[in-house]
1. Test of understanding: what is the full-extension gain from HIS56 to VAL80, defined as 0.36 nm times their sequence separation minus their Cα-Cα distance?
2. For the pair GLN64 and VAL16, how long in nm is the line joining their label points, each one 7 Å along Cα→Cβ?
3. Nothing charged except the Cβ atoms of Lys and Arg (+1) and of Asp and Glu (-1): what's the magnitude of the dipole of region 36-101 about its Cα centre? Round to the nearest 20 debye.
4. Looking only at region 72-87, which residues have a backbone nitrogen under 18 Å from a spot 7 Å from the Cα of ARG97 in the C-beta direction?
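Only the coordinates and a few stated rules stand behind these numbers; no lab work does. Since this is a predicted model, take the numbers as computed values, not measurements. As a convention, Cβ positions derive from the backbone with ideal geometry for all residues, glycine included, and neighbour counts pool all protein chains shown.
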Amino acid sequence: MSKTYKYMNKQILMFVAAALLVTAGPVAGQDLVPVGLEDAVEQAREGNPSVVAARHRASAASNQIRAQGASRWPVLRAEVGVLTSTDPVAAFGGRLRQGRF
């Protein structure tokens, strides 16, 4: 490598470092709040897309396990109906549906 090339790389590196330092400061109107280790870890967990996706996958797997076991639970069904009629055929049909005739 030539001496000029190394010098240009150092200049670019210094420019990038200076730009990062300038933009890393607080935004106007924001106050810096000290954060503890536990809070920082919690914020990182909430903001990390991989962690959020893993939580959703775990929740989906749990729901799937519950749904697969649901067929073993008893099912209770109830039906209510009212039929009033002076027609003897309708009255007989109502009794027939009830299983009482």
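1. 4.6 nm
2. A separation of 4.2 nm, rounded to one decimal place.
3. Numbers: 9 positive and 6 negative charges, 123 e Å.
Using Cβ point charges on Lys, Arg, Asp and Glu, region 36-101 gives about 600 debye.
4. What the label zone holds, given the 18 Å backbone N cut-off, is 77-87.
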